[in-house]
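Undergrad: Would you mind keeping the following structure in view while I ask a few things?
The values are calculated or read from the model by the stated rules, or taken from the named source; none is laboratory data. Values in this document were obtained by computation on a predicted structure and should not be read as measured data. Heads up, the Cβs are rebuilt from the backbone with ideal geometry, glycines too, and the neighbour counts pull from every protein chain shown.
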Amino acid sequence: MGYATCVYCGRYLSAAGTDPKGSSTAGAERGKKLPVCLDCRRSKRDRPLTLWLRMLKKKDRMRWERIVKYHSRKMGGQITLEVKRVERER
Ligand SMILES: [Zn+2]
């Protein structure tokens, strides 16, 4: 049995990374359940993905760079495409 990884930053979700109610869905897009680490969930809240990524790019370089690095190894996928799109923005 593998561990889920955060769809945004690629971190493995430990027990500490999921909330006690067993819901790690606060970062879900369009009602889909996605595994999201506590840090990303706290940071993103209910912001739309694109706005959150732009905010990170400006204000949270460490997380932004972790996310970019994680998604640079991935192909396709809505989140990956969005990360790459925001990365190209000036
Ligand atoms: Zn994360």
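Undergrad: Residues in the range 71-90 that are under 11 Å from residue 10 (Cβ atoms), surrounded by 17 or more Cβ atoms within 10 Å (Cβ to Cβ) and not β-branched (Val, Ile, Thr): how many?
TA: Of the residues in that region, 1 qualify.
This table checks each residue for (1) within 12 Å of the chain's Cα centre (by Cα); (2) free of Cβ contacts under 8 Å to residues at least 24 places away in the same chain.
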{"position": "43", "(1), (2)": "yes, yes"}
{"position": "50", "(1), (2)": "yes, no"}
{"position": "58", "(1), (2)": "no, yes"}
{"position": "64", "(1), (2)": "yes, yes"}
{"position": "68", "(1), (2)": "yes, yes"}
{"position": "75", "(1), (2)": "no, yes"}
{"position": "89", "(1), (2)": "no, no"}
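Undergrad: Also: From 68, 36, which residue is surrounded by fewer than 19 Cβ atoms within 10 Å (Cβ to Cβ) and of a type in the set (Val, Ile, Thr)?
TA: Numbers: 36 fails: surrounded by fewer than 19 Cβ atoms within 10 Å (Cβ to Cβ).
Sole residue among the options that is surrounded by fewer than 19 Cβ atoms within 10 Å (Cβ to Cβ) and of a type in the set (Val, Ile, Thr): 68.
Undergrad: Can you tell me how many residues within the range 1-31 are at pLDDT 60 or above, more than 8 Å from the ligand (Cβ to nearest atom) and of a type outside the set (Gly, Ala, Ser)? Lay out the reasoning, then the answer.
TA: Let us first name the residues in the range 1-31 that are at pLDDT 60 or above, namely 2-14.
Next, from what is left, pick out any that are more than 8 Å from the ligand (Cβ to nearest atom): 2-5, 12-14.
Still in the running and of a type outside the set (Gly, Ala, Ser): 3, 5, 12-13.
The total comes to 4.
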